[in-house]
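Have a look at the structure below, then the notes.
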Amino acid sequence: MIELRTPAEIEQMRPAGRFVASVLEATSKAAAVGVNLLELDALAHEMIRAAGAESCYIDYHPSFGASPFGKVICTSVNDAVLHGLPHDYRLRDGDLLSLDFAASVDGWVADSAISMVVGTPRTEDLRLIDTTRRALDAGIAAARVGNRIGDISRAIADVAKSEGYAINTDFGGHGVGRTMHGDPHIPNNGRPGRGLPLKAGLVVAIEPWFLETTDRIFTDADGWTLRSADGSRGAHSEHTIAITEGDPIVLTQRA
């Protein structure tokens, strides 16, 4: 079911957006060569506790997950692009790290993701990350009353295709509100003018993610982490936004 939020409810969602942004800022700053992924998860966990927030991940057990997630942040490294389950791994120079985090504050959820290179970057990684960021900006710009879901999807795809990246549509954006995942689904490729009409009050997470040389993925033995089929690297950018009668509001905007 698709729910539209009132302007007052959108205002009530701002603290969740600010909190999610703050956790991604803190964990991305903490990520450095030699830092363990479990340390990043512990930092996010402590911030949740201190804020009186609730994790959207720790008990999350959808049909595509082998078990409850058990951690509070997704840490995807190199050929992992989504749902990276934190484990005993120390970051190495040149690792491409994607952090995805969602939490509930006062009953409202926000969801966001960021990719970065730890230590010395490869040009190819910076290009891939920049493409996801520009695709996210394009998707947000298309999230306006009068457009449709397909316009967001096409805007994302146009950026990816301009850089030669293939696009997987198994996972994409989604509705956000009282729960982390809801309708509508927003694939990262689509046809303009098609799909659900966008209306004021629709709150969604838009999340382009691309792999360097493939659009195929597989699930790691941990039952959660999604990796590229050919070992190429992936990047992921995401914001929770609210569609209004004017410009979209980015609820998870980072400083």
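The values are calculated or read from the model by the stated rules, or taken from the named source; none is laboratory data. As the structure is a computational prediction, the values presented were derived from the model and not from experiment. Cβ: placed from backbone, ideal geometry, glycine included. Neighbour counts: every protein chain shown. Calculation scope for accessible area: heavy atoms of the full protein, side chains included, ligands and nucleic acids excluded. Shrake-Rupley method; radii C 1.70, N 1.55, O 1.52, S 1.80 Å.
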* For the chain, calculate the relative contact order in percent as a whole number, restricting contacts to Cα pairs under 8 Å that are 6 or more residues apart. => 24 percent
* How many nm is it between the label spots at Ala50 and Thr120, if each spot is 7 Å from the Cα in line with the beta carbon? -> 3.4 nm
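Given Cα positions, please report Rg to Rh for region 106-255, the hydrodynamic radius being the Kirkwood one. Write out the running numbers ahead of the final one.
Details: Rg = 15.2 Å, Rh = 15.7 Å.
Taking Rg over the Kirkwood Rh, I get 0.97.
Given the -39500 (n - 2.57) contribution per DSSP H run of 4+ residues, what per-residue ellipticity at 222 nm results for the chain, rounded to the nearest 500 deg cm²/dmol?
Details: 4 runs with 72 residues, N = 255.
So the helix-based figure for the chain works out to -9500 deg cm²/dmol.
Between Lys29 and Arg194, what's the calculated FRET efficiency when r is the beta-carbon distance and R0 is 41 Å? Round to 0.05. The partial results should precede the final answer.
Details: r = 40 Å, r/R0 = 0.98.
That gives a FRET efficiency of 0.55.
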* Tabulate in residue order the Karplus-calculated ³J(HN,Hα) for region 15-26, using 6.51 cos²θ - 1.76 cosθ + 1.60 with θ = phi - 60°, rounded to whole Hz; enter x for Gly and Pro. => x, 5, x, 5, 5, 4, 4, 5, 5, 5, 4, 5
* **Integer Hz, Karplus 6.51/-1.76/1.60 couplings in order for region 224-232, x for Gly and Pro** => 9, 4, 9, 10, 5, 5, 10, x, 6
* Structure fact -> Averaged per residue, the 1.4 Å probe accessible area of region 84-240, protein heavy atoms only, in Å², is roughly 38 Å²
* For Arg90, what charge total do you get from the other residues with a beta carbon under 14 Å from its beta carbon, if Lys and Arg give +1 and Asp and Glu give -1? -> -4
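Shape call for region 115-186 from the C-alpha gyration tensor, a ≥ b ≥ c root eigenvalues: rounded (a/c under 1.5), prolate (a/b greater than b/c) or oblate? Numbers along the way, then the final one.
Details: a/c = 2.31, a/b = 1.59, b/c = 1.45.
Here region 115-186 falls in the prolate category.
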* Order these peptides, 193-202, 117-126, by their mean beta-carbon neighbour count within 10 angstrom, highest first. => 193-202, 117-126
* Distance from a point 7 Å along Cα→Cβ of Ser22 to each backbone N in region 91-110: keep the residues under 14 Å and list them by number. => 103-106
* Roughly to the nearest percent, how much of the accessible area of the chain is carbon and sulfur, given a 1.4 Å probe? -> 50 percent
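Taking the DSSP beta bridges in region 93-219 as the whole, what percent of them are antiparallel, to the nearest 5?
The antiparallel fraction comes to roughly 95 percent.
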* To do: Using a cut-off of under 17 Å, list every residue of region 181-220 whose amide N is near the label point 7 Å from the Cα of Glu3 along the Cα-to-beta-carbon line.
  => 181-185, 199-205
* Amide H contacts of Ile217 (H built 1.01 Å from N, under 5 Å, at least 5 apart or other chain) -> Ala229
* To do: Under a cut-off of 21 Å between alpha-carbon atoms, report the lysines in cross-link reach of Lys29, not counting same-chain residues fewer than 8 places apart.
  => Lys71
* Pull up all non-local amide H partners of Val145: gap of 5 or more, or a different chain, and H-to-H distance under 5 Å with H placed in the peptide plane. => Thr244
* Structure fact -> Charge tally for neighbours of Phe171 with beta carbon under 14 Å away, counting Lys, Arg as +1 and Asp, Glu as -1, is -4
